[in-house]
Every structure is written in structure tokens, then in C-alpha cells.
Amino acid sequence: MKLILAIISTDDTKACIAALNKASFHVTRLATTGGFLSSGNTTLLIGCEDKEVERAIELIGSESQRRKEAVPTTISTDMSNLVSYPIEVEVGGATIFVLNVEKFEKL
């Protein structure tokens with residue numbers, strides 16, 4: 001048995017959970033924050049059999065694509081002038097951990 005921890009963008013949460021549920025995976029969702037932009041993330045907890053791990057990862061990957069997003073940044077040109085302009089960063093995708101589960105009980 002395995003436990004999959006998938007950290008995804010909040011924007012991708014509904015689509016990922018829907019795809020996983022449609023494929024009969026049970027998912028627990030945790031709201032989390034982190035990363036370079038301190039933006040909202042979601043951590044999904046998915047318990048499954050060893051043979052189902054690759055299918056779950058494929059589903060998560062298909063629904064959590066990387067994309068470009070413009071974010072504001074401010075630089076100082078001298079002691080009194082601050083200039084704000086957007087920079088393009090890559091967001092989305094998924095960070096996935098697969099852990100061995102020694103024991104599982106559903107009460």
C-alpha cells in the first residue's frame with residue numbers, strides 16, 4: 001500500500017480531484033501555502049495499492065499543467081524611486097511524494 005502526497009496549485013484542485021474520483025481514487029484535500037510566490041496550494045492525500053500509483057500520478061499530471069503567469073515586482077532605481085513592473089514566472093504543475101504505508105485501517 002502507498003500514500004501519495006501531491007502538492008498542486010489551488011487552480012487545479014477541482015479538476016484533479018474530479019479525475020481521481022472518476023477513476024475510483026479516494027482523496028483527502030488539505031489547503032496549504034508555500035512556494036516562491038507564497039500562493040495557495042492544495043495538498044492531496046491519496047491512499048492506493050502499489051499497482052495503482054502510476055495511474056494516479058498520470059491523472060494528477062494531466063490535470064495540473066505548468067503555465068506562465070505575470071506577477072508584479074518592485075525594484076529600486078535609486079534612493080527615492082521605486083519602479084513596479086510584471087515579470088513572467090512558471091506556476092502550476094505538481095510535486096508528488098510516494099510513501100510506503102505499513103498499516104491502513106478505515107474505521
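Shown for Val98, Val27: other C-beta atoms within 10 Å of each C-beta, ranked fewest to most, produce the order Val98, Val27.
With 19 Å as the limit, write out which pairs from Lys2/Lys51; Lys22/Lys68; Lys2/Lys103; Lys2/Lys106 have Cα-Cα distances beyond it, or answer none. Those over the limit are Lys22/Lys68.
Cβ under 13 Å from Ile57's Cβ, Ile57 left aside: what net charge do those residues give with Lys, Arg +1 and Asp, Glu -1? The answer is -2. In loop segments of region 1-58 as defined by DSSP, the GluC sites (Glu not before Pro) with at most 11 further C-beta atoms inside 10 Å of their C-beta are Glu49.
Between beta-carbons, use under 15 Å as the cut-off and find the net charge around Cys16, counting Lys and Arg +1, Asp and Glu -1. Net charge around Cys16: +2.
We did not get these values from a lab; they are worked out from the coordinates using the rules stated. Fair warning: this is a prediction, and the values are worked out from it, not measured in the lab. No Cβ is skipped: glycine too gets one built from the backbone with ideal geometry, and neighbour counts run over all protein chains shown.
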